[in-house]
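Peer 1: Quick one: this structure, given as structure tokens, is what I'll be asking you about.
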Amino acid sequence: MRNQLYLFNTLTRTKEKFTPIHPGRVGIYVCGPTVYSDVHLGNCRTFISFDLIYRYLLYLGFKVRYVRNITDAGHLEGDRDEGDDKFVKKAKLEQLEPMEIVQKYTLGFHDVMREFNTLSPSIEPTATGHISEQIEMIKEIISNGYAYEINGTVYFNVEKYNTEFPYGQLTNRKLEDLLEGTRELSGQDEKRGRLDFALWISAKPETLMKWNSPWGWGFPGWHIECSAMSSKYLGNTFDIHGGGMDLQATHHTNEIAQSQACNHTSPVNYWLHTNMLTVNGVRMSKSAGNGFLPGELFTGNHPLLDKGYSPMAVRFFMMQTHYRSTLDFSNEALRASEKGYRRIINGLVTLKTLVYQPESEVQDEKLNTEIERLCELCYAGMNDDFNSAIVIANLFNLLKYINSFSHKIIPLASLSETTFEKMKTTFIQFVEDILGLKEEKFYKPNLIDDLYDILLELYKGSKETKDYARVDFIRKRADAEGIIIKDTKEGVSWSYKE
Ligand code: AMP
Ligand code: ZN
């Protein structure tokens, strides 16, 4: 199975058979969040998509080193090294230290990732924790002739680089086309070329987050952190690099240029990009102001939402669409996903209770073949560029049979034991281990309180109908669980057994 994985490589724009650099091991780097604010659902889509990819690589038996960074410095407002540092701006707004901002939103991000049942990355390096690595890399790029310093700021020389390497390779564009899309340099610009970007930015007197460097006090540009941290933890060339497709044109294009200029090799074998989550066709983003926070979605506390949706229903909503297709947010789509998720989980619970009992009945050859085929289609879906949409369609097809077995419409014994086991492991592993869906037994916030109320109502009803055997039964069962049911003048209540 493991040799059959195909993935769509943005760099070559083709679906390629996946061959890791080191047999049995995979290195993967995903650009993580910029922690100056809460992540919105669009960001979550990208991280959940890579969680699916990570989970499947693990499932295939690879030893995976999954690096997802935290951007906690060096992020200016514009793509072109202009404007204010977002962290400092936010720190002033919230009257906090920039590092308090970083801590607050990193913890928030982790909480959200946990709610969505994503696996933690193997390493989660921060930009501020790797300043010296970034400085070393910049020094090397300068000494290799691809960068220059002006007034304490270091720029990458794109035109020089492009004489040797295709700078616009990742988006399949020529330098001339890229130049056409950028504004002319003005007298105030320090940089020599329109496409040149900062590797190191000189600090202004008011800059709060700054470090000393060979070029004076300053801070790193956004792109260099990913080049420095990916090569540190995964090597100068590694297997997979990912992120949202909005990062292709600038961030990832510049990462390739920096790494190539420093290490004399192309950094990444397979570039994977997730498509965008949209709202009414418009990309969800902080700047467009159409970004739902996961918390708003879980509670339903947002003008565009009819009601709240649980994290697993939302995860299922995302899994129903292939990661390279756009996914448009709507209440209707979410309601349908909630239903679908519950059907799948009910199937999972049912399946776990099914026990194979061979009987004398004749096995149904055709049925065995069909179930085996549906299982194979799940693997084929994932092997075809992690197509979770195909997987889910086939899980639903399997579910019809699971329900028929459970309702005894089809006798379980018409399957061979091998086919039954294959159906069971395929369904359970795909739902739980690969799609990362789990039962949300306790997601409803007041579920336990409501269940106690139901128990007390049953107790009261049994007393009223003088069904003392049942009254006794409820008392004893509750007692065994450490709950005492009390009859008082006001009615029935309960307390913990002391
Ligand atoms: P940021 O914190 O803005 O750097 O974004 C973190 C990740 O979320 C990046 O990989 C982005 O490409 C991705 N992203 C941003 N907006 C969306 C969106 N609407 N849909 C999917 N991914 C997104
Ligand atoms: Zn990055």
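The values are calculated or read from the model by the stated rules, or taken from the named source; none is laboratory data. Please read these numbers as outputs of a predicted model, since none were measured by experiment. Glycine also receives a Cβ, built like all others from the backbone with ideal geometry; neighbour counts cover every protein chain displayed.
Peer 1: Determine the pairs where a residue that is within 16 Å of ligand 2 (Cβ to nearest atom), located within the range 38-63, has a partner that is assigned to a helix (DSSP H, G or I) and of a type in the set (Gly, Ala, Ser) with Cβ atoms under 8 Å apart, the partner being 6 or more residues away or on another chain.
Peer 2: Taking only residues 6 or more apart or on different chains, the pairs are VAL39/GLY108.
Peer 1: Considering (1) within 10 Å of ligand 2 (Cβ to nearest atom); (2) farther than 21 Å from THR46 by Cα, say which one ASN263 fails and leave the rest.
Peer 2: Here ASN263 meets the rest and fails (1).
Peer 1: What is the number of the single condition among (1) in contact with a Ser or Thr (Cβ under 9 Å, 6 or more places away or on another chain); (2) part of a helix (DSSP H, G or I) that SER132 does not meet?
Peer 2: Unmet for SER132, out of (1) in contact with a Ser or Thr (Cβ under 9 Å, 6 or more places away or on another chain); (2) part of a helix (DSSP H, G or I): (1).
Peer 1: Quick test of your reading of the structure: LEU351 fulfils all but one of (1) within 27 Å of the chain's Cα centre (by Cα); (2) touching a residue at least 60 places away in the same chain (Cβ under 8 Å). Name the failing condition by number.
Peer 2: Of the numbered conditions (1) within 27 Å of the chain's Cα centre (by Cα); (2) touching a residue at least 60 places away in the same chain (Cβ under 8 Å), the odd one out for LEU351 is (1).
Peer 1: For the range 443-454, which positions are free of Cβ contacts under 8 Å to residues at least 40 places away in the same chain and either of a type outside the set (D, E, K, R) or not in a loop (DSSP other than H, G, I, E, B) (or both)?
Peer 2: PRO445, ASN446, LEU447, ILE448, ASP449, ASP450, LEU451, ASP453, ILE454
Peer 1: Just to be sure before I move on: is GLU440 surrounded by 12 or more Cβ atoms within 10 Å (Cβ to Cβ), within 23 Å of the chain's Cα centre (by Cα) and in a loop (DSSP other than H, G, I, E, B) in the structure I sent?
Peer 2: yes
Peer 1: Criterion first (within 16 Å of ligand 2 (Cβ to nearest atom) and in contact with a Gly (Cβ under 9 Å, 6 or more places away or on another chain)) does LEU272 satisfy it?
Peer 2: Considered against the rule, which asks whether it is within 16 Å of ligand 2 (Cβ to nearest atom) and in contact with a Gly (Cβ under 9 Å, 6 or more places away or on another chain), LEU272 comes out as yes.
Peer 1: Which one is farthest from ligand 1 (Cβ to nearest atom), of the residues in the range 217-250 that are in contact with a Phe, Trp or Tyr (Cβ under 7 Å, 6 or more places away or on another chain) and either assigned to a strand (DSSP E or B) or under 13 Å from GLY168 (Cα atoms) (or both)?
Peer 2: This residue is GLY218.
Peer 1: Same structure again: Looking at this structure, is PHE420 among the hydrophobic types (A, V, I, L, M, F, W, C), in contact (Cβ under 8 Å) with a residue 40 or more places away in the chain and under 25 Å from VAL362 (Cα atoms)?
Peer 2: Judged against the criteria, PHE420 is a match.
Listed here are the residues, each with its yes/no results for (1) closer than 20 Å to HIS40 by Cβ; (2) of a type in the set (Lys, Arg); (3) at pLDDT 95 or above; (4) not assigned by TED's automatic domain parsing to the domain that holds PHE50.
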site	(1), (2), (3), (4)
GLU184	no, no, no, no
THR207	no, no, no, no
ASN212	no, no, yes, no
TRP215	no, no, yes, no
TYR233	no, no, yes, no
GLY242	yes, no, yes, no
LEU247	yes, no, yes, no
HIS251	yes, no, yes, no
GLN258	no, no, yes, no
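Peer 1: Let me ask another. Based on what the data block shows, is ALA336 within 15 Å of ligand 1 (Cβ to nearest atom) and either without any contact (Cβ under 8 Å) to a residue 12 or more places away in the chain or outside the structural domain of ILE428 (by TED's automatic domain parsing) (or both)?
Peer 2: So ALA336 does not fit the description; no.
Peer 1: Another question, then. Any residue in the range 241-253 that's of a type in the set (Ser, Thr, Tyr): show its pairings with residues that are within 10 Å of ligand 2 (Cβ to nearest atom) at Cβ separation under 8 Å, as long as the two are six or more apart or on different chains.
Peer 2: Qualifying pairs under 8 Å: THR250/HIS223.
Peer 1: Next question, about the same structure. Considering only residues that are polar (S, T, N, Q) and under 16 Å from MET276 (Cβ atoms), look in the range 321-333 and name the one that is farthest from ligand 1 (Cβ to nearest atom).
Peer 2: In this case the residue turns out to be SER330.
Peer 1: Follow-up. Are any of the residues in the range 192-199 within 30 Å of the chain's Cα centre (by Cα), in the same structural domain as THR19 (by TED's automatic domain parsing) and farther than 18 Å from ASN144 by Cβ?
Peer 2: no
Peer 1: Here's a follow-up. Determine if the range 276-288 includes at least one residue that is without any contact (Cβ under 8 Å) to a residue 40 or more places away in the chain and touching a Leu at 6+ places or on another chain (Cβ under 9 Å).
Peer 2: no
Peer 1: While we're on this one: Specify which of the listed residues (PHE405, PHE420, PHE396, PHE386) is part of a loop (DSSP other than H, G, I, E, B) and not assigned by TED's automatic domain parsing to the domain that holds PHE18.
Peer 2: Going through PHE405, PHE420, PHE396, PHE386 in turn, the sole match is PHE386.
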